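The values are calculated or read from the model by the stated rules, or taken from the named source; none is laboratory data. Everything numeric in this text was worked out from a predicted model, so none of it was measured. We place every Cβ from the backbone using ideal geometry, glycine too, and count neighbours over all the protein chains shown.
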Amino acid sequence: MIAPSLLACDFANVGREIDSVLAAGADVIHVDVMDGHFVTNLSMGPPVVKSIRKHTDAVLDVHIMVTDPAYYIERFAEVGADSITFHIETTDEPMTLIRRLGELGLGAGVSVRPGTPAESLAEVIDSVDLVLVMTVEPGYGGQAFMDDMLDKITILRGMLRPEQRLQVDGGVDSQTIAKCAQAGADVFVAGSSIFRADNVGRAIDDLRLGCR
């Protein structure tokens, strides 16, 4: 699955940007939420996602890089998120969050930043729909892919059931996507390599070819 990250889009024309990637065959829309605390930058909040929801019925995959995921889960559920991924580093009670996501009828994902070992997910991995491996330090787009995350992807694929998704985010382009797919990932978040390409459709096609 190809999941364009809105973090790299032209926010003055976000509706048009969404329409463009969906017409080109994107599977889901990835929404990166940053609170300026867990990560240094700020990005879109619930009002923006509410507007996006009104514009499209595409699946909205919301990745919350925030220090208070319990609060934000509720807010983004209210405005139309389809799935929410939180960071394991932000909570001492991840199962409480996962259960709440289930109660809200949302897909549940859990993410690890580069310095967090795969084993940190051992107690919760059976209960989520998706695991997200950050292949850059979260907080801003346009970073180079970290090859040393490939071993983590392989380890986590071995911990997951076949129906559970393994997502990668950070530095994903037509070259690095092949490494991620070979390691076991099956959902690929890409920002700059899609939205800043000369031809969005060709960029998404190149990503699909790269992960086959």
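Results for (1) hydrophobic (A, V, I, L, M, F, W, C); (2) touching a Ser or Thr at 6+ places or on another chain (Cβ under 7 Å); (3) surrounded by fewer than 16 Cβ atoms within 10 Å (Cβ to Cβ), shown as yes or no for each residue.
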{"residue": "His63", "(1), (2), (3)": "no, yes, no"}
{"residue": "His87", "(1), (2), (3)": "no, yes, no"}
{"residue": "Met95", "(1), (2), (3)": "yes, yes, yes"}
{"residue": "Arg99", "(1), (2), (3)": "no, no, yes"}
{"residue": "Val112", "(1), (2), (3)": "yes, yes, no"}
{"residue": "Thr116", "(1), (2), (3)": "no, no, no"}
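Does the stretch 18-27 contain any residue that is charged (D, E, K, R), loosely packed, with under 15 Cβ neighbours inside 10 Å and farther than 23 Å from Asn199 by Cβ? Walk me through how you get there before you give the answer.
Going residue by residue through the stretch 18-27, those that are charged (D, E, K, R) are 19, 27.
Those left that are additionally loosely packed, with under 15 Cβ neighbours inside 10 Å: 19.
With farther than 23 Å from Asn199 by Cβ added as a condition, the list becomes none.
No: zero hits.
Kindly indicate the residue of the stretch 191-212 that is of a type outside the set (D, E, K, R) and without any contact (Cβ under 8 Å) to a residue 12 or more places away in the chain and also surrounded by the fewest Cβ atoms within 10 Å (Cβ to Cβ) among those meeting that condition.
If we filter the stretch 191-212 for residues that are of a type outside the set (D, E, K, R), which is where we start, we get 191-195, 197, 199-201, 203-204, 207, 209-211.
Checking which are without any contact (Cβ under 8 Å) to a residue 12 or more places away in the chain leaves us with 197, 199.
Details: Ala197: 17, Asn199: 10.
The selected residue is Asn199.
Return the pairs, sorted by first residue and then second, in which the second residue is modelled with pLDDT of 95 or more and part of a helix (DSSP H, G or I), the first residue lies in the stretch 163-190 and is of a type in the set (Lys, Arg), the beta carbons are less than 8 Å apart, and the residues are 6+ apart or on different chains.
Lys179/Asp147; Lys179/Leu150
Looking at Gln167 and the list (1) farther than 12 Å from Ile2 by Cα; (2) at pLDDT 95 or above; (3) not hydrophobic (A, V, I, L, M, F, W, C), which single condition is not satisfied?
The number of the failed condition is (1).
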